1. If you take every residue apart from residue 101 with its C-beta less than 14 Å away from the C-beta of residue 101, what net charge results, scoring Lys and Arg +1 and Asp and Glu -1?
2. Helix-derived [θ] at 222 nm for the chain: sum -39500 (n - 2.57) over DSSP H runs of at least 4, divide by residue count, nearest 500?
3. What nm distance separates the two modelled labels at residue 6 and residue 86, each placed 7 Å from Cα along Cα→Cβ?
4. For a bin width of 5 Å, list the pair-distance distribution of region 37-83 built from all Cα-Cα distances, rounded to whole %.
5. Taking the Cα centre of the chain as origin, work out the dipole magnitude from +1 charges on Lys and Arg Cβ and -1 charges on Asp and Glu Cβ, in debye rounded to 20.
6. Express the Stokes-Einstein translational diffusion coefficient of the chain in µm² s⁻¹, to the nearest whole number, given a Kirkwood radius over alpha-carbon pairs, 4 °C and a viscosity of 1.567 mPa s.
Amino acid sequence: AQAEQSHHERLVIEKSIIEKRERERSLFDLQIQQSLQDISQIEQDYLQKHRDSINHYESTERQLVDELHELDKQYKTQQERVDAKQQRIAETESDIATTQAMLNQINQGEYADRIETLRTIRAYETALIHQSD
């Protein structure tokens with residue numbers, strides 16, 4: 001009988017501990033829900049209070065991003081122009097070297113003293129002068 005009573009008392013104590021934990025857990029869950037609602041309300045109040053400033057800063061950010069993209073586009077366009085000009089200069093220098101080599105070849109050939117050859121040399125020299133400019 002005493003063992004039975006001890007066993008019964010242990011069951012009552014364990015049940016009491018379990019019920020206490022369930023109440024604490026329930027209270028804790030309720031506190032969490034209330035805290036989440038409070039945070040949500042604070043967030044809504046903040047957004048309501050600062051809506052104009054937030055909209056202003058978002059608009060300013062969009063404008064600055066657009067300006068940055070435009071400047072980047074202009075820079076790339078200018079860089080493309082510089083690259084194209086450098087390529088034309090390199091091609092012109094190559095053409096000048098080729099033309100100069102041809103002139104030297106004509107000057108050293110057997111027909112170097114003929115009028116057609118002299119006219120050709122003069123035309124090449126004129127072309128070289130124009131390309132250099």
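Since every read-out is calculated from the coordinates, none of them should be taken as a lab result. The structure presented is a predicted model; accordingly, all values stated were derived computationally and were not measured. Positions of Cβ are backbone-derived with ideal geometry, glycine not excepted, and every protein chain shown enters the neighbour counts.
1. Local charge sum for residue 101: -3.
2. Values: 3 runs with 124 residues, N = 133.
Taken over the chain, the calculation gives -34500 deg cm²/dmol.
3. 9.6 nm
4. Per 5 Å bin, starting at 0, the Cα pair percentages come out as 5, 19, 11, 13, 10, 9, 8, 7, 6, 5, 4, 2, 0.
5. Values: 17 positive and 27 negative charges, 19 e Å.
Magnitude of the dipole: close to 80 debye.
6. 52 µm²/s
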